[in-house]
Amino acid sequence: MKDIPLLWLMAFMRLIRWPNVIMVIVTQWLIYRMIAAFYLKMGLSPALGTLMFSLLVLATASVAAAGYIINDIFDVETDTINKPEKVLIGREFSRELAMRLFILLSGVSIVSGFIVAFYAHTWRMGLLYPLAVMMLWLYAERMKQTVLTGNLAVSLMSSFVILLVWIFEFFAVLHNNSQFEMITPFLKSISMVVLAYTLFAFLLSLAREIIKDAEDVEGDRLAGCVTLAVKHGIANSVKSAFIILIITFILVAYSAYLLAVGDRFWLLTYFIIFTAFPLMYATIKTILAKTNNDFHHLSLMIKLIMAGGIAGLVPVTVLL
């Protein structure tokens, strides 16, 4: 009996996809540290402060976890076909309990988000979290059943994990006139880094979602989900992912060029080794992918490229 709480906790961690939630937390922390490094040049600290930033991370991690739960609730049928060994709803968790956990995590996210929004003098930004909860529900219930709509929704929410930190920090510092004037010279640089990472995350997430649809095409077809792979075929789906990866590679190459022009040799070396080369390899592998194993490995590869790119914030912060 002593093992029951531990077993339940382990099942809960699988339900909320704990590695992905940890990735959300680490990503926002690295963005925050990058912003703090710019502020440090003027002897300042981020306006949000440790407590408010922690609440922002709690809000984002909670809504991400809630999203995985509601997705599993609506995906029992397709997951039973595509990956039966990973189905938790109806086995480890009843549908009713899973729904309560979704509501609890959504509530934590909304309350935490509004606290940070009021602190940053922009209560309207707090609306992003209830909107995210609504979008996650709509995604799980119907968006994923239409061509590209669900893919775009997931990609937007993934990229917003990065953008949210700077949005809330910007509004917080905007109401501190003296501090805002001091960091004004760095606003463009911070915004460029954040927007570059946001676009990077959006494009890679979109390519990965399309590839995952190609992997899950049989289950989606039987469940009546009209994904890109179901409606237009796996070949066209793969071509779409290939084009997106080509665009991403071009943007990464341009970023590498800017680093070379700016004599950022060590940053350039990092991004060539851990982002550009793996991305080029994944792009080539995409056009050659045929089987479910190929698509699964591609999905994992893109996830690792995203992790490598985000980890690049460490040298960015150190070498500013």
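What follows is calculated from the coordinates using simple rules that are stated; it is not laboratory data. Since the structure is predicted, the reported quantities are computational estimates derived from the model, not experimental observations. Positions of Cβ are generated from backbone atoms using ideal geometry, with glycine treated the same way; all protein chains shown enter the neighbour counts.
Remarks
- Sorting the segments 84-90, 275-281, 18-24 by their residues' average number of neighbouring beta-carbon atoms within 10 angstrom, most packed first, yields 275-281, 18-24, 84-90.
- Inter-site label distance for K290 and T269 at 7 Å from Cα along Cβ, in nm: 4.1 nm
- For trypsin sites (Lys or Arg not before Pro), the sites in region 107-155 that DSSP calls loop and that have at most 13 other Cβ atoms within 10 Å are R142.
- For region 3-318: relative contact order, % (alpha-carbon pairs under 8 angstrom, 6 or more apart): 19 percent
- Counting every other Cβ atom within 10 Å of each residue's Cβ, L101, L298 order from fewest to most as L101, L298.
- Dipole of the chain, positive end: most advanced residue of I110, I310, I234 [Cβ charges, Cα centre]: I310
- Amide H contacts of G90 (H built 1.01 Å from N, in plane; Pro and chain starts excluded): R95 sit under 5 Å, all sequence-distant by 5 or more or on other chains.
- Where GluC sites (Glu not before Pro) fall in DSSP loop in region 89-163, at most 16 other Cβ within 10 Å: E92
- Assigned charges on the beta-carbon of Lys, Arg, Asp, Glu; the chain dipole about Cα centre (debye): 280 debye
- Distance between the pseudo-spin-label points of I25 and I247 (7 Å out from Cα toward the beta carbon): 3.3 nm.
- Each 5 Å bin from 0 upward holds the following percent of the Cα-Cα pairs of region 1-160: 2, 8, 15, 19, 19, 14, 10, 7, 4, 2, 1, 0.
- Extension gain, V147 to L304, is 53.9 nm, computed as 0.36 nm per intervening residue step minus the present C-alpha separation.
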